[in-house]
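**Q** Okay, here's the structure, questions in a sec.
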Amino acid sequence: MRGSRFATVVSRLSVPWRASLPGLCKGRVSLWEQLIPFGSRLWTKGLDNGTSARLAVGDSSTASGKPGNWDDRVMKRSDGYLLDNRQTEAGERFEAFATLFDPTTFRHLEGLGIGSGRRCWEVGAGGTSVVSWLAEKVGPSGQVLATDIGTSLLASVARPPVEVRVHDVGAEEPPGEGFDLVHARLVLVHVPDRERALQSMIKALRPGGRLLIEDADPALQPLVCPDEHGPEQRLANRLRHGFRRLLADRGADLSYGRRLPRLLREAGLRGVEADAYFPLTSPACAVLESATIRQIRDTLVTANLATNEDIDRHLANIEAGGMDLATAPMISAWGTKA
């Protein structure tokens, strides 16, 4: 997201919080369900024929050869999709994700030794920041395969060494094998068949290949305003509770992140490690909250989880800049295929 308006934020207000998973698991943890706007890659049911499709950006034909927009077909056949990547707010949200989480993601990817000529699969890519970073690292002799159930935001990076495909990691076979790296950020928490998705990602790796999964664990931090000291913060947390309800009703696992180290070990990966990052307040957190609430506004009102007056007041409170808005911790777990 170089050149975005977030890049002008020189002094970040977020408070990083990193810990080993054993440390996170000490003591009892509240089971409140909560999730930040990590729904950019929310799952939808697979296409009727269960196949993936190569996407030639700018091509108006579908994989079947019939006219039409493949992204449109995916969305029209979806059930439970809460945050459509084609909506205006989606771009704002992906820029905020990049500002908040790219430094952590890039630090981990650097540690895994991504370099020239490597083959990488970016699962549930959503936006372009990670895909572009990987493309720069692997160079013209490498490959970056970027997949998602909706790829409209990836058009600008669909050129060598990047290939973009429509693909549902929870319902389809992996789009290739022999990858040096497979990475997914804020994806599996939303996939109903998470076990199948994880096995698909591991299957796609070559022996010695590296897997990096980054996902939320909202139960570790259930509030958008942890410092709930006034009516503005109470309203924000009430709307966050409504958002969690919508996500849970659509099959999201709101306490998935903490299980990642164990799941990777049980899947046979070696050298499994994990840590967590927790933005407590940041301008990007405010942008993320505003864009998400605007995007799900009608759904919140229709479900009687909020009124239009509630939402207008909350958006005005965000704009006023007097609240510290947080996210849930993002757990990063990685390991090597035997």
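The values are calculated or read from the model by the stated rules, or taken from the named source; none is laboratory data. Small disclaimer: the values here were computed from a predicted structure and weren't measured. Glycine gets a Cβ as well: all are built from the backbone with ideal geometry, and neighbour counts include every protein chain shown. Surface areas here come from the heavy atoms of the whole protein model, side chains and all, with no ligands, DNA or RNA. Shrake-Rupley method; radii C 1.70, N 1.55, O 1.52, S 1.80 Å.
**Q** Looking at (1) touching a residue at least 60 places away in the same chain (Cβ under 8 Å); (2) open to solvent by 40 Å² or more (accessible area, probe 1.4 Å); (3) under 26 Å from M323 (Cα atoms), which is the one condition that is false for V224?
**A** So the condition that V224 fails would be (2).
**Q** Counting only residues that are open to solvent by 20 Å² or more (accessible area, probe 1.4 Å), of a type outside the set (A, V, I, L, M) and not in a strand (DSSP E or B), how many does segment 323-334 have?
**A** 1
**Q** Hey, another quick one. With V144, V162, V191, V131 as the choices, which residue is under 14 Å from the mean Cα position of the chain (by Cα) and free of Cβ contacts under 8 Å to residues at least 40 places away in the same chain?
**A** Numbers: V144 fails: under 14 Å from the mean Cα position of the chain (by Cα); V162 fails: under 14 Å from the mean Cα position of the chain (by Cα); V191 fails: free of Cβ contacts under 8 Å to residues at least 40 places away in the same chain.
After ruling out the rest, the residue left standing is V131.
**Q** Can you confirm whether segment 304-322 contains a residue that is under 18 Å from the mean Cα position of the chain (by Cα), crowded, with 22+ Cβ neighbours inside 10 Å and modelled with pLDDT of 95 or more? Break it down stepwise before answering.
**A** Looking only at segment 304-322, we keep the residues that are under 18 Å from the mean Cα position of the chain (by Cα), and these are none.
No - not one qualifying residue is present in segment 304-322.
**Q** Something else about it: Are there any pairs, at least 6 apart or on different chains, whose C-beta atoms fall under 9 Å, with the first in segment 280-294 and touching a residue at least 60 places away in the same chain (Cβ under 8 Å) and farther than 19 Å from N85 by Cα and the second surrounded by fewer than 20 Cβ atoms within 10 Å (Cβ to Cβ) and among the basic types (K, R), and if so, which?
**A** Cβ pairs passing all conditions: S282/R12; P283/R12.
**Q** Now, a different point. Being polar (S, T, N, Q) and not in a helix (DSSP H, G or I) is the filter; apply it to segment 84-121 and report the residue that is farthest from A333 (Cα to Cα). I'd like the intermediate steps shown before the answer.
**A** Restricting attention to segment 84-121, the residues satisfying the condition of being polar (S, T, N, Q) are 85, 87-88, 99, 104-105, 116.
Remaining after also requiring not in a helix (DSSP H, G or I): 85, 87, 116.
On the way: N85: 26, Q87: 30, S116: 23 Å.
Among those residues, the one meeting the criterion is Q87.
**Q** Check segment 206-221 and report whether any residue there is of a type outside the set (K, R), part of a loop (DSSP other than H, G, I, E, B), open to solvent by 10 Å² or more (accessible area, probe 1.4 Å) and modelled with pLDDT under 95. I'd like the intermediate steps shown before the answer.
**A** Restricting attention to segment 206-221, the residues satisfying the condition of being of a type outside the set (K, R) are 207-209, 211-221.
Next cut, part of a loop (DSSP other than H, G, I, E, B) only: 217, 221.
From the residues that got through so far, the ones that are open to solvent by 10 Å² or more (accessible area, probe 1.4 Å) too are 221.
So of that shortlist, the ones also modelled with pLDDT under 95 come out as 221.
Scanning segment 206-221 turns up at least one residue that is of a type outside the set (K, R), part of a loop (DSSP other than H, G, I, E, B), open to solvent by 10 Å² or more (accessible area, probe 1.4 Å) and modelled with pLDDT under 95.
**Q** Here's something else I'd like to know. Among the residues of segment 251-274, count how many are surrounded by 14 or more Cβ atoms within 10 Å (Cβ to Cβ) and either modelled with pLDDT under 95 or not in a strand (DSSP E or B) (or both). Can you show your working first?
**A** Initial filter on segment 251-274 (surrounded by 14 or more Cβ atoms within 10 Å (Cβ to Cβ)): 251-261, 263-265, 267, 269, 272-274.
Filter once more, so that each one left must be either modelled with pLDDT under 95 or not in a strand (DSSP E or B) (or both): 251-261, 263-265, 267, 269.
Counting residues in segment 251-274 that are surrounded by 14 or more Cβ atoms within 10 Å (Cβ to Cβ) and either modelled with pLDDT under 95 or not in a strand (DSSP E or B) (or both) gives 16.
**Q** Scan segment 108-117 and give yes if some residue there is without any contact (Cβ under 8 Å) to a residue 24 or more places away in the chain, at positive phi and either over 13 Å from the mean Cα position of the chain (by Cα) or surrounded by fewer than 21 Cβ atoms within 10 Å (Cβ to Cβ) (or both), otherwise no.
**A** No, segment 108-117 contains no residue that is without any contact (Cβ under 8 Å) to a residue 24 or more places away in the chain, at positive phi and either over 13 Å from the mean Cα position of the chain (by Cα) or surrounded by fewer than 21 Cβ atoms within 10 Å (Cβ to Cβ) (or both).
**Q** Right, next: Let me spell it out: the conditions are (1) at pLDDT below 50; (2) farther than 30 Å from G208 by Cβ, and T51 meets all of them except one. Which number is the exception?
**A** (2)
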